[in-house]
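Written below as structure tokens is the structure these notes are about.
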Amino acid sequence: MNNLDIKEIKELLSTPKNIVIVTHKNPDGDAVGSTMALHHYLTSLGHNSTVITPNEYPDFLKWIPGQDTIIKYNNNTEAAKSKIEEADLIFTLDFNHLSRSGDMESVLAKTNTTFIMIDHHQQPDSYPKYTYSDTGMSSTCQMIYHFIEKLGDLEKITPQIATCIYVGIMTDTGSFRFRSTTNITHTVIADLINRGADNTSIHENIYDTNTISRLQLKGVALKNLKVLPEYKTAYITISQDELDQNNFRKGDTEGFVNLGLSISGIKFAVIFIENRGEGIIKISLRSKGDFSVNEFSRNHFEGGGHHNAAGGKSNLSLPNTIDKFISILPAYKNVLNQ
Ligand code: 5GP
Ligand code: MN
């Protein structure tokens with residue numbers, strides 16, 4: 001996004017518009033935080049803004065300021081469709097390929113509206129008129145901060161907006177520890193606290209929300225954890241039956257994949273979670289250092305994401321998915337042992 005783009009976007013935003021803001025399927029903290037931050041900012045400029053998510057998001061995000069106004073496409077499809085059809089401008093946040101928007105893909109693909117992408121994933125698609133893509137960024141939330149900064153509007157960041165942005169930076173950086181966390185990230189965070197983000201209560205609202213069922217499901221994950229020392233790899237499986245036995249709720253398995261990565265010497269960690277409803281195994285992949293889980297997932301599991309954090313899926317059964325995974329590893333033995 002160059003200065004000319006910024007000038008044109010400033011011009012677009014200088015008169016009231018119908019604006020729709022969408023994010024990816026199974027929204028996370030960065031997705032909900034970035035869409036709500038942009039929503040509050042655009043509303044303050046006098047626009048009629050609507051946030052639409054493809055589906056539901058976890059309970060631990062259900063305190064984010066204004067999130068109760070979000071339209072979920074899967075259970076309010078007609079309302080979502082008409083908002084999209086009426087939109088003068090559509091922002092797509094925290095994803096870069098329309099296929100990541102689930103069932104909304106076909107509706108978004110056939111609109112002739114101007115699209116603006118703000119995203120930090122690898123290999124952005126070319127559907128938007130304006131693309132602000134930066135794979136070096138910690139989070140889409142940090143990019144929303146810089147977007148508002150580019151528009152010369154930092155003074156318009158309210159405590160609400162600061163809170164929303166803080167959430168996504170915190171969740172996407174594993175609380176400011178991943179490699180994507182830079183000195184600039186910390187500068188942004190300091191400014192957000194100055195502008196009214198209450199860091200302690202945000203941490204508590206997101207992380208101190210365990211239920212006994214979730215902790216017991218974590219116990220199952222730990223019991224199922226396997227280590228393959230020759231590949232510096234650890235993986236976890238959770239079957240649908242195990243989810244059912246532990247009253248699974250959306251978001252309960254968030255962060256479990258990092259348990260494998262916390263083992264000394266492990267460079268590659270994966271979790272395989274059976275989803276019988278969708279007939280797939282949902283896969284989350286994480287790495288440390290040079291091993292690219294984005295490439296690994298793109299090549300073998302119909303997914304992608306970032307260098308050190310990616311997602312994917314498999315249409316095989318859980319045991320067959322594990323067999324496939326283990327059969328692929330020898331090809332990566334050298335990279336994983338570097
Ligand atoms: P998670 O494992 O937390 O679901 O996702 C890790 C990262 O990979 C996130 O940034 C997420 O947006 C991305 N991601 C997750 N699943 C997919 C997928 O199926 N395809 C692509 N391209 N990216 C994914
Ligand atoms: Mn993100």
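The values are calculated or read from the model by the stated rules, or taken from the named source; none is laboratory data. None of the values given here were measured: they were computed from a predicted structure. Counting neighbours? That spans all protein chains shown, and the Cβs are built from the backbone with ideal geometry, glycine included. Quick note on the areas: whole protein, heavy atoms, side chains included, nothing else; ligands and nucleic acids left out. Shrake-Rupley method; radii C 1.70, N 1.55, O 1.52, S 1.80 Å.
Data table
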{"item": "Largest to smallest accessible area among 270, 335 [probe 1.4 Å]", "result": "335, 270"}
{"item": "List 69, 321, 253, ordered by accessible area with a 1.4 Å probe, largest first", "result": "69, 253, 321"}
{"item": "Region 29-92: C-alpha gyration tensor shape, a/c 1.5 cut-off, then a/b vs b/c", "result": "oblate"}
{"item": "Two-site FRET efficiency, residue 109 against residue 175, from Cβ-Cβ distance with R₀ of 22 Å, rounded to 0.05", "result": "0.05"}
{"item": "Global form of region 272-317, assessed from the alpha-carbon gyration tensor, a/c cut-off 1.5", "result": "prolate"}
{"item": "Normalised convex hull volume, region 199-338, alpha-carbon set, Å³ per residue", "result": "119"}
{"item": "Whole-Å semi-axes of region 236-299's equivalent ellipsoid (Cα gyration tensor)", "result": "24, 14, 8"}
{"item": "Kirkwood-based Rg to Rh ratio, region 123-272, C-alpha trace", "result": "1.05"}
{"item": "Antiparallel DSSP beta bridges within the chain, as percent of all bridges there, nearest 5", "result": "40"}
{"item": "Counted charge near residue 266, where neighbours are those whose Cβ lies closer than 13 Å (Asp, Glu -1; Lys, Arg +1)", "result": "+4"}
{"item": "Simple spin-label estimate for residue 158 and residue 223 in nanometres, 7 Å along Cα-Cβ", "result": "4.8"}
{"item": "Within-15-Å neighbourhood charge of residue 16 [Cβ basis; K, R +1; D, E -1]", "result": "-1"}
{"item": "Debye-sum result for region 94-195 in log10 I(q)/I(0), which assumes one identical scatterer on each alpha carbon, at q = 0.16 Å⁻¹", "result": "-0.75"}
{"item": "Probe 1.4 Å - accessible area at residue 241, Å² to nearest ten", "result": "70"}
{"item": "Accessible-area order (highest first, 1.4 angstrom probe) of the listed residues 203, 47", "result": "203, 47"}
{"item": "Cα convex hull of the chain - mean projected area over all directions, nm²", "result": "16.7"}
{"item": "Surface share of carbon and sulfur [accessible, 1.4 angstrom probe, percent] for region 1-65", "result": "52"}
{"item": "Relative contact order of the chain, defined on C-alpha pairs under 8 angstrom at six or more residues apart (%)", "result": "13"}
{"item": "Pairwise Cα inverse-distance average, inverted: Kirkwood Rh of region 30-141 (Å)", "result": "14.5"}
{"item": "Helical mean residue ellipticity (222 nm; -39500 (n - 2.57) per DSSP H run of 4+; nearest 500) of the chain", "result": "-11500 deg cm²/dmol"}
{"item": "Residue 78 paired with residue 209, simple spin-label distance in nm, labels 7 Å along Cα-to-beta-carbon", "result": "3.1"}
{"item": "Protein accessible area in region 172-295, 1.4 Å probe - carbon and sulfur %", "result": "49"}
{"item": "Gyration tensor (alpha-carbon) shape descriptor, region 124-171, a/c threshold 1.5", "result": "oblate"}
{"item": "Computed accessible area, residue 250, all protein chains, 1.4 angstrom probe, square angstrom", "result": "80"}
{"item": "The chain - accessible surface per residue (Å², probe 1.4 Å)", "result": "44"}
